[in-house]
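K.L.:
Here it is: the structure, laid out below.
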Amino acid sequence: MITEIQNLMDSYTKWLADKTVLRQIEDWVEITTPYLDRHNDYLQIYVKRHNGGFLLTDDGYIVNDLLHSGCSLDSKKRKDLLAMTLNGFGVKLQNASLIVSATQNNFALKKHNLIQAMLAVNDLFYLSVPVITSLFIEDVATWMEQEEIRVLQNIKFTGASGYDHQFDFVIPKSRKYPDRMLRAINRPSRETTESYAWAWIDTREVRPESSAYAILNDSESAVSSSITTAFLNYDIKPILWSLHQEVIEDLIS
């Protein structure tokens, strides 16, 4: 089992390195990552030397893209959720840009955290305002509260790689079940699937007595069977939001 998991981790690392492209732009280096945004464009971050270390930023791409798409971040609830999400990754918001500082020693970790924050913010906030009146993660949290499911929100674990991974919900172990890690995924895609799979594989190495679930929003469009199959292959139980009442026993016990 350890060899199998190690092969999966090595495969992910190789894919990440092979698909990453660097380009010099004056004092900055543009890093094109293999992660896709909602437009199917590769996410890009920018790095320059700063105060003896490095400054990494998305140059305002994520927040400005949401604003231009009509997703307002003006309400207190959304501002608080944005701050909470960024704090979980150690990323700051400065003039609409997501930024993080790094040293030579922690550059890889900080780059990872910035990209994960970009994906998380985009997934949390991109919604069709006329149709959807609340954030998906809020719907999931409200449901759990109504069902009296014992849950902790926005919990971060350090994986075997040394990278931090944030889970939207963690249900502590009981006599019947181990710790249960959950992420609420508003827009299930190959990218969000791979991101969560990597987080789970890395975390499970140091927390073997645990299980993982992915709550997938299928309110507006069906979730591809390839996505649910991929989650199952990584030992993550997919939960379609339309069928969430059927898994209460797994979560409440």
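The values are calculated or read from the model by the stated rules, or taken from the named source; none is laboratory data. All values derive from a computational prediction rather than experimental measurement. In this analysis, Cβ positions are derived from the backbone assuming ideal geometry, glycine residues included, and neighbour counts consider all displayed protein chains.
K.L.:
Looking at Leu43, Leu82, Leu56, Leu73, can you tell me which residue is at pLDDT 85 or above and more than 17 Å from the chain's Cα centre (by Cα)?
P.N.:
Matching residue, one of Leu43, Leu82, Leu56, Leu73: Leu56.
K.L.:
Moving on to the next point. Can you name the strands (runs of 3 or more DSSP E) wholly within region 2-80 that have at least 2 residues being in contact with a Lys or Arg (Cβ under 8 Å, 6 or more places away or on another chain) and more than 23 Å from Asn95 (Cβ to Cβ)?
P.N.:
Because the criterion is at least 2 residues that are in contact with a Lys or Arg (Cβ under 8 Å, 6 or more places away or on another chain) and more than 23 Å from Asn95 (Cβ to Cβ), the strands (runs of 3 or more DSSP E) in region 2-80 that meet it are 28-36.
K.L.:
Name every residue in region 198-222 that is surrounded by fewer than 20 Cβ atoms within 10 Å (Cβ to Cβ) and either over 19 Å from Ile155 (Cα atoms) or without any contact (Cβ under 8 Å) to a residue 12 or more places away in the chain (or both), in order of residue number.
P.N.:
Selection gives Pro208, Asp218, Ser219, Glu220, Ser221, Ala222.
K.L.:
Does Ile115 satisfy the criteria of being outside any helix (DSSP H, G or I) and either crowded, with 16+ Cβ neighbours inside 10 Å or in contact (Cβ under 8 Å) with a residue 24 or more places away in the chain (or both)?
P.N.:
Answer is no for this residue.
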